[in-house]
Amino acid sequence: DAGVTQSPTHLIKTRGQQVTLRCSPKSGHDTVSWYQQALGQGPQFIFQYYEEEERQRGNFPDRFSGHQFPNYSSELNVNALLLGDSALYLCASSLPRGNEKLFFGSGTQLSVL
Amino acid sequence: KQEVTQIPAALSVPEGENLVLNCSFTDSAIYNLQWFRQDPGKGLTSLLLIQSSQREQTSGRLNASLDKSSGRSTLYIAASQPGDSATYLCAAPTSSGNTPLVFGKGTRLSVIA
């Protein structure tokens, strides 16, 4: 049973560029959430997708956008990259009903130069 | 607004010692609370999920307790080992439901052989 998989594992970009990160949820899960983790901090919620729609969103600018596909996989897109976007980006999957455990992928380490 | 605080920020103990990590949260109307482990530069591994109706959960040498009335949770690690060295994060949902999770900054644990 494959867990949550993310690609790529590492990425280096320059300011102003655009980036796309990918996530495949754990088998049987249909809800995907994205988190940003800066060095030394806890993860911060970006947004959550369910049934191919953004269901909840954290306090992130519109430069951060996402998409969920019919097979439940998801993409996170960040436009006009800033140095401050350098972080570990984590994808988590779960079932949509309450009281369910979240399963996280290994993350994508994004460095913006 | 949910806020999660973890004390201490870092902890160094000799191998074999029992230890307690602390987590406090401001909004006690939570469905559950989850403890995670994170190795450097890696994703999060779920350790224990405590439902709001429970007072504690155990997995091997780990025991997590939840006291909603005081807004506190503790993670007890028995007979610590060097392999336990990692950052431990607790996370509570926002009051609006099961997600998104609000994380503390974590406790960085070092177990010295």
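The values are calculated or read from the model by the stated rules, or taken from the named source; none is laboratory data. Given the structure is predicted, the values throughout are model-derived calculations rather than measurements. No Cβ is skipped: glycine too gets one built from the backbone with ideal geometry, and neighbour counts run over all protein chains shown. We work out accessible area using only protein heavy atoms, side chains counted, and drop any ligands, DNA or RNA first. Shrake-Rupley method; radii C 1.70, N 1.55, O 1.52, S 1.80 Å.
Give the residue that is farthest from the other protein chains (Cβ to nearest Cβ), with candidates limited to residues of region A:10-26 that are polar (S, T, N, Q) and part of a strand (DSSP E or B). Going through the qualifying residues, I end up with A:Thr20.
Within region A:89-113, take every residue that is more than 7 Å from every other protein chain (Cβ to nearest Cβ) and in contact with a Gly (Cβ under 9 Å, 6 or more places away or on another chain) and give me the one that is farthest from B:Gln34 (Cα to Cα). Among residues in region A:89-113 that are more than 7 Å from every other protein chain (Cβ to nearest Cβ) and in contact with a Gly (Cβ under 9 Å, 6 or more places away or on another chain), the one farthest from B:Gln34 (Cα to Cα) is A:Val112.
Could you say which residue among B:Ser69, B:Ser53, B:Ser80 is away from chain A (no Cβ under 11 Å), part of a loop (DSSP other than H, G, I, E, B) and open to solvent by 60 Å² or more (accessible area, probe 1.4 Å)?
So the residue among B:Ser69, B:Ser53, B:Ser80 that is away from chain A (no Cβ under 11 Å), part of a loop (DSSP other than H, G, I, E, B) and open to solvent by 60 Å² or more (accessible area, probe 1.4 Å) is B:Ser69.
For region A:5-31, filtered to residues that are modelled with pLDDT of 95 or more and open to solvent by less than 20 Å² (accessible area, probe 1.4 Å), the residue that is farthest from B:Ala92 (Cα to Cα) is A:Val19. Only a single criterion out of (1) more than 12 Å from chain B (Cβ to nearest Cβ); (2) closer than 23 Å to B:Cys90 by Cβ is not satisfied by A:Gly58, namely (1). With respect to the stated conditions, B:Arg108 fails to be basic (Lys, Arg), surrounded by fewer than 21 Cβ atoms within 10 Å (Cβ to Cβ) and more than 10 Å from every other protein chain (Cβ to nearest Cβ). Of everything listed in (1) over 15 Å from the mean Cα position of the chain (by Cα); (2) at pLDDT 95 or above, the single unmet condition for B:Ala64 is (1).
Any chance region A:27-50 includes a residue that's away from chain B (no Cβ under 12 Å), assigned to a loop (DSSP other than H, G, I, E, B), over 27 Å from B:Leu49 (Cβ atoms) and of a type outside the set (A, V, I, L, M)? So far as region A:27-50 goes, no, none of its residues is away from chain B (no Cβ under 12 Å), assigned to a loop (DSSP other than H, G, I, E, B), over 27 Å from B:Leu49 (Cβ atoms) and of a type outside the set (A, V, I, L, M). Selection within region B:7-37: residues that are over 15 Å from B:Asp67 (Cβ atoms) and touching a Phe, Trp or Tyr at 6+ places or on another chain (Cβ under 8 Å). The member of this set that is surrounded by the most Cβ atoms within 10 Å (Cβ to Cβ) is B:Phe36. Taken as a whole, the condition of being in contact with a Gly (Cβ under 8 Å, 6 or more places away or on another chain), farther than 30 Å from B:Ala29 by Cβ and either of a type in the set (Gly, Ala, Ser) or in contact (Cβ under 8 Å) with a residue 60 or more places away in the chain (or both) applies to A:Gly3. Which of the following residues is without any contact (Cβ under 8 Å) to a residue 24 or more places away in the chain, over 17 Å from A:Ser94 (Cα atoms) and surrounded by fewer than 21 Cβ atoms within 10 Å (Cβ to Cβ): B:Thr74, B:Thr58, B:Thr45? Result: B:Thr58 is the single residue among B:Thr74, B:Thr58, B:Thr45 that is without any contact (Cβ under 8 Å) to a residue 24 or more places away in the chain, over 17 Å from A:Ser94 (Cα atoms) and surrounded by fewer than 21 Cβ atoms within 10 Å (Cβ to Cβ).
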